[in-house]
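The values are calculated or read from the model by the stated rules, or taken from the named source; none is laboratory data. As the structure is a prediction and not an experimental result, all values here were calculated from the model. Cβ placement follows ideal geometry from the backbone for every residue including glycine, while neighbour counts extend to all protein chains displayed.
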Amino acid sequence: MTRKLSNAALNSLPEQVRIPAYDRAALSRGVVHVGLGNFHRAHQAVYLDRLFSTGEGHDWALVGASLRDNDKAIRSDLEAQDWLYTVLELVPDGLTARVCGSMIDYVQIAPDAMIKAMSDPAIRIVSLTITEGGYYVDAATGGFDTGHPDIRHDIDNPDAPRSVFGCIIAALRNRRDAGIAPFTVMSCDNLPENGHVAHNATVGLAHAQSSDIGTWIEQTVAFPNSMVDCITPATSQREIDLVSTRFGIEDARPVACEPFRQWVLEDRFSSGRPALEKVGVEFVQDVAPYELMKLRILNGGHAAIAYPAGLMDIRFVHDAMRNELVAGFLDKLEKTEIIPTVPEIPGVSRQDYYAMVVERFSNEAVGDTIPRLCLDGSNRQPKFVLPVVEARLAEGKSIDGLALESALWCRYCFGRSESGAEIPPNDPDWTRLQQHAGLAREDPLQWLEMRDIYGALADQETFRTAFAGALGSLWREGTAATLKAYITAQ
């Protein structure tokens, strides 16, 4: 027998299900979070749920917000469950379940509703998980893209914005005019220097609207950098059925994730913060070394296994780690080319961190998929892989494995695996990627002509030569033989 998830059902759930150890009716809003996807609900929301269960921080409850029509169904399902949902932690030897209760509202999906929620004096943090592509970064310059149609609209119509950053600025303007302290803008997206990127988007748009509001935001609003980590696969019917059959909960929006979580956060806030250090968040003065370690070793590692596995029709990440060629490629690439570019952090072992990454990738219970890791390469490669190439070249070191990783991405974007199976589109720029991958079959350097992705590397002779050789081998010899040749080369 299953029980539909709701406040009324909490005390009748099975004993093995952890439920909020606090009175949800006593919570009050403190954070507006934009982008209530699976990652946020498995990460930041769980940290707050843990904090509330200690008896502290009850004035920091979450209010959800979005501008995406696609999120209307999520909002409707969560509302029917009193904003509750189940978090499945996929440990290798079983499952654990907790009902997360840290969200108490989700405003209507419209700019006016978002602005009103952010203007509330009780809100002291606006946090974001809007994906890497949601920050209007100009691919050519790395700066804020003032030419984007959404941004052009918000420059001309500051009181009727379309973008999240237009809404943030409108709310900050309301607070300034009412004499209310500004909130902190806290990015929790997986991109380098996410606080700086959020700052550039907010301040860049604000100055384009008015130097007055732009200067005020620049002087008063904090944009802390953070490093976030928790592998969170997409929810499928499998997870919905697991929650129902194993724990007796009818939940339309469960989240599944690995048991590992990490959150390293700069201790810079405009109007206070919850005491998250009591539940495992690391507050530091400089996130950059932790961020670099994660982006290169973990995210770069994901890229390293994704494309060869995809070309060899391997669907699950744990199965890729069982393949000796994929695992061998990852191991050699990490140890000889990636890890040496990561600065030492006092008290942290890079080798131990890598060993933990391998363990996490190998966790069969997570059921993470290779297609998910292959998503959005045009945004991810310039953030997770190409900076490592640049760092190695700057030191005059070899980049053979990194060039092979880039060639594997190119070969994958051809759109056919080695068995001839079609690879579905998996990138916002898929049409262009596929066109260049087709041209590169005959002339490998055509791939590097996507200069908005490769920048100066497109003209770097060492990289050009290594890339062309790797891609040529993939087409002539195949993925397995090319991987083996790299692994065994001295």
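At-a-glance table
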{"item": "Answer from D159, D112, D150 - the residue that is free of Cβ contacts under 8 Å to residues at least 40 places away in the same chain, out of contact with any strand residue (DSSP E or B) (no Cβ under 7 Å at 6 or more places or on another chain) and closer than 28 Å to E79 by Cα", "result": "D112"}
{"item": "Helices (runs of 4 or more DSSP H) wholly inside the stretch 237-323 that include at least 3 residues being more than 30 Å from A80 (Cβ to Cβ) and in contact (Cβ under 8 Å) with a residue 12 or more places away in the chain", "result": "288-293, 300-311, 317-322"}
{"item": "Tally of residues being under 13 Å from T184 (Cα atoms), surrounded by fewer than 17 Cβ atoms within 10 Å (Cβ to Cβ) and hydrophobic (A, V, I, L, M, F, W, C) across the stretch 93-129", "result": "1"}
{"item": "Residues that are among the small types (G, A, S), within 30 Å of F144 (Cβ to Cβ) and buried (at least 21 other Cβ atoms within 10 Å of the Cβ), drawn from the stretch 208-265", "result": "S226"}
{"item": "Subset of the stretch 210-232 [outside any loop (DSSP other than H, G, I, E, B) and more than 17 Å from the chain's Cα centre (by Cα)]", "result": "S211, D212, I213, G214, T215, W216, I217, E218, Q219, T220"}
{"item": "Inter-residue pairs, beta-carbon under 6 Å, first without any contact (Cβ under 8 Å) to a residue 24 or more places away in the chain and in the stretch 377-400, second surrounded by fewer than 17 Cβ atoms within 10 Å (Cβ to Cβ) and of a type in the set (D, E), 6+ apart", "result": "none"}
{"item": "Count - residues of the stretch 156-175 that are crowded, with 17+ Cβ neighbours inside 10 Å and either of a type outside the set (S, T, Y) or part of a helix (DSSP H, G or I) (or both)", "result": "13"}
{"item": "Residue list for the stretch 342-375, restricted to those being assigned to a loop (DSSP other than H, G, I, E, B), of a type in the set (D, E) and either at pLDDT 95 or above or buried (at least 16 other Cβ atoms within 10 Å of the Cβ) (or both)", "result": "D368"}
{"item": "Counted residues, the stretch 58-79 - those being under 16 Å from T129 (Cα atoms) and either of a type in the set (S, T, N, Q) or part of a loop (DSSP other than H, G, I, E, B) (or both)", "result": "4"}
{"item": "Counted residues, the stretch 414-462 - those being small (G, A, S) and either crowded, with 18+ Cβ neighbours inside 10 Å or in a loop (DSSP other than H, G, I, E, B) (or both)", "result": "7"}
{"item": "Yes/no for A480 being exposed (fewer than 13 other Cβ atoms within 10 Å of the Cβ), in contact with an Asp or Glu (Cβ under 9 Å, 6 or more places away or on another chain) and among the small types (G, A, S)", "result": "no"}
{"item": "The stretch 1-57, residues that are charged (D, E, K, R), surrounded by 12 or more Cβ atoms within 10 Å (Cβ to Cβ) and in a loop (DSSP other than H, G, I, E, B)", "result": "E56"}
